[in-house]
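As structure tokens, the structure follows; a few thoughts come after it.
All of the numbers you see were taken from the coordinates with simple rules; none came from a lab. Predicted model only: the values in this text are computed from it and were never measured. Because the Cβ atoms are built from the backbone with ideal geometry, glycine has one as well, and the counts that use them run over all protein chains shown.
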Amino acid sequence: MERIIRRLGAWALSKVRTMGRMVLFLIESLYLVFVPPFKHRYLFRQIRFFGTKSLIVILLTGAFTGMVLAIQLYYTLRKFGSDALLGPAVALSLIRELGPVLSALMVTGRAGSALTAEIGIMRISEQIDVLTTMALNPLRYLSVPNIVAAIIVFPLLAAIFDLIGIYGGYLVGVKLLGLSSGTYFSQMEHFVEMSDIRMGLYKSISFGVIVSWVSCYKGFHTDETGYGAEGVSRSTTEAVVMSSVLILIWDYFVGSVLV
């Protein structure tokens, strides 16, 4: 029993230590955002990496999410005689919840995993150690541009996701199920408020910080999870899983506080 308690305590202390290191990593990265010089060239490259290269995935996911959402909500609302509220139901579901969350999860799987693998390879090939030896802060080159790029790109991708999803719901609700086009959009204008849009904006920005932060941290500490390709693959998996879980947890927290 004593051995079990000792091992459990050692495991808990290691997790607390890791959480502390992650928080310090984020604090230092955010501090360097406001300390010149800023690497604009790396920022533009990462904006393209997070945004442009993820656009096709966002468009496809948003369109089919809106279509599926419209079908399910239509048959639910029709049972209560409220099928005219399909438009605002689709819009509110996408703007407040599904748009920010699903777009963040898609970018995590596409860009977050690649970012972790890229930095992880730099770690095991000692490129990060070279920067440190040259008295250069690797966070300024690798972490700061990614965090700033994610803060800029994630709200834009979520907005595109929402727009495409709303028109996907329009195709299903109006063209397939026979709902009036005027009813679909006019009811949406009455029920969707600016506070709903701000909610989605806040969530998208925070998700961008979470994904870039976790991906960069896991890449920086690839050498702690294993050696060579095994360490990179393990770090990539941990980054995607942790980012996805934190997105869902933070989504609930923000939704319950800012409701």
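A few remarks follow.
- The order of the peptides 234-244, 204-214 by mean Cβ neighbours within 10 Å, most packed first, is 204-214, 234-244.
- Farthest towards the positive end of the charge dipole of the chain, among the residues A229, L139, V16, is the Cα of A229, using unit charges on the Cβ of Lys, Arg, Asp and Glu.
- Separation of the alpha carbons by more than 23 angstrom is noted, of K15/K218; K15/K53; K15/K203, for K15/K53; K15/K203.
- Full-extension gain in nm, F185 to A12, via 0.36 nm per residue minus C-alpha separation: 57.1 nm
- Taking the square roots of five times each eigenvalue of the Cα gyration tensor of the stretch 1-83, the equivalent ellipsoid has semi-axes of 42, 32, 12 Å, listed largest first.
- With the convex hull drawn around the C-alpha atoms of the stretch 62-119, the volume per residue stands at 66 Å³.
- Size of the stretch 41-257: Rg and Dmax of its alpha carbons, in Å, are 20.1, 69.
- Here's the picture: charge each Lys and Arg Cβ at +1 and each Asp and Glu Cβ at -1 in the stretch 43-165, and of V130, V90, F50 the one pushed furthest to the positive end of that dipole is V90.
- The C-alpha atoms of the stretch 90-177 occupy a region whose extents along the principal axes are 64, 19, 15 Å, arranged from largest to smallest.
- Calculated FRET value between L171 and T237, using beta carbons and R₀ = 45 Å, to 0.05: 0.80
- Under 19 Å from the L30 label point (7 Å along Cα→beta-carbon), backbone N, the stretch 135-165: 139-155
- Calculated FRET efficiency for the pair R198/V23, C-beta based, R₀ 35 Å, to 0.05: 0.85
- Each of V23, V153 has some number of other Cβ atoms within 10 Å of its Cβ, and from fewest to most they run V23, V153.
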